[in-house]
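Peer 1: If you scroll down you'll find the structure; I have some questions about it.
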Amino acid sequence: MRSSNPVFSRRGFGRDNGYAGFNTAPQAGGPAVATQANPYAQPTGNPYAQNPYAQQQQFGAPPQAPATTGRMTIDDVVMRTGTTLGVLIVTAALSWALLPVDDANISRSYGIGIGAALIGMVLALVQSFKRKPTPALILTYAAFEGVFLGVISNIVDNRIADGAAMQAVIGTMAVFAGVLVAYKAGWIRVNRRFYGFVMAAALGFLLLMAVNLLFAVFGGGDGLGFRSGALGVVFGVIGIILGACFLALDFKQVEDGIAYGAPREEAWLAAFGLTLTLVWIYLEFLRLLSILNSD
């Protein structure tokens, strides 16, 4: 499972890495699909079909815990996500306290924050291209990302919009809770069409942001205005909605990983993806509040 953040591509619990995902279409010569004529065929798209849990479901028996150990559970995902977010929050709080943003120190603090963001991006890219999770790498990413978030939140909160950081935290928590409830209630159906729509929208969003950045760098000002004024508010809302959609994809991939018996180590990738998505949503909220409160 790769990052849920639109900056990075997603491998997911797919056939290529041994877990259930969106790329579960049958291939030529692949496993047969169970039918009434052949009820003993292994179900397509589940490389862990030999798992007793999967077989009991196929034959209509009551679901039981798999006999094998070392499989990912929801407790594993919660624990590792909490650990990753905990590291991020601690380093964010420390950078807020130790890197002042007054007139005499803002340039130094901002430079440290940007440097931490670049290091965090590199670490996230490295993990995103690895087939297996590296907990130390994920936690190090969280630490550097926390430094960046602490600095940028302090700047926005103290120099642009008082209380914006707490409002962004509350907004992020509200989006997370809302998407989780909607997903569990079945109001959000994550399928191939949903996945394709979200990825296409995210790609278009990122391309527009990249063009806007280029115009801002070489033309000065706010570029094409996608991140300021009324247009900036619209794109801020779109960014939050995209983050919510990627949360739904995260929940689906975690659910699939647990159902199909992904190894316990995959819980670190789930934590990594959820952290990236939550950071994305938080930054979009922070940017939106900055625009609404700017002169």
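The values are calculated or read from the model by the stated rules, or taken from the named source; none is laboratory data. Nothing here was measured: the structure is a model prediction, and the numbers come from that model. Here Cβ is always computed from backbone atoms with ideal geometry, including for glycine, and neighbour counts include all displayed protein chains. For accessibility, only protein heavy atoms count, side chains too; no ligands or nucleic acids. Shrake-Rupley method; radii C 1.70, N 1.55, O 1.52, S 1.80 Å.
Peer 1: Can you list the aspartates and glutamates whose alpha carbon is less than 15 Å from that of Lys130, not counting same-chain residues fewer than 8 positions off?
Peer 2: Straight-distance partners of Lys130: Asp16, Glu265, Glu266.
Peer 1: Same structure, new question: Quick one: Karplus J couplings for segment 175-192, per residue in order, coefficients 6.51, -1.76, 1.60, θ = phi - 60°, nearest Hz, x for Gly and Pro?
Peer 2: For segment 175-192, the Karplus-derived couplings read 5, 4, 5, x, 5, 4, 5, 5, 5, 5, 7, x, 6, 10, 9, 8, 9, 4 Hz, x marking Gly and Pro.
Peer 1: What does the charge count around Trp280 come to, taking other residues whose C-beta lies under 13 Å from its C-beta (Lys +1, Arg +1, Asp -1, Glu -1)? Intermediate results must be reported in sequence, preceding the final value.
Peer 2: On the way: positive: Arg287; negative: Glu145, Asp250, Glu284.
Every neighbour counted, the sum reads -2.
Peer 1: Shifting gears a bit: Which aspartates and glutamates, if any, have their Cα less than 16 Å from the Cα of Lys184, not counting same-chain residues under 8 positions apart?
Peer 2: Asp250, Glu255, Asp256
Peer 1: Still on this structure, please answer the following. Residues with beta-carbon under 14 Å from that of Gln167, excluding Gln167: net charge, scoring Lys, Arg +1 and Asp, Glu -1? Could you put the intermediate results ahead of the total?
Peer 2: Working: positive: Arg287; negative: Asp157, Asp162, Glu284.
So the environment of Gln167 carries a net charge of -2.
Peer 1: Could you put Ile112, Ile138 in order of accessible surface area, largest first, with the 1.4 Å probe and the full protein assembly present? Write out the running numbers ahead of the final one.
Peer 2: Working: Ile112 70, Ile138 0 Å².
Most to least solvent-accessible, the answer reads Ile112, Ile138.
Peer 1: What are the ³J(HN,Hα) values, in whole Hz, obtained from phi via the Karplus relation 6.51 cos²θ - 1.76 cosθ + 1.60 with θ = phi - 60°, for each residue of segment 118-123 in sequence order, with x given for Gly and Pro?
Peer 2: Each residue of segment 118-123 in turn: 5, 4, x, 5, 4, 4 Hz.
Peer 1: For segment 223-295, what is the accessible area per residue in Å², given a 1.4 Å probe and the full set of protein chains?
Peer 2: Values: 2390 Å² over 73 residues.
With all protein chains present, segment 223-295 gives 33 Å² per residue.
Peer 1: Rounded to a whole number, what % of the accessible area of segment 106-165 do carbon and sulfur atoms account for, probe 1.4 Å?
Peer 2: On the way: 1880 of 2690 Å².
Result for segment 106-165: 70 percent of the exposed heavy-atom area is carbon or sulfur.
Peer 1: At 1.4 Å probe size, put Phe218, Phe197, Phe246 in order of accessible surface, largest to smallest. Provide the component values of the computation, followed by the final result.
Peer 2: Values: Phe218 170, Phe197 135, Phe246 0 Å².
In descending accessible area the options line up as Phe218, Phe197, Phe246.
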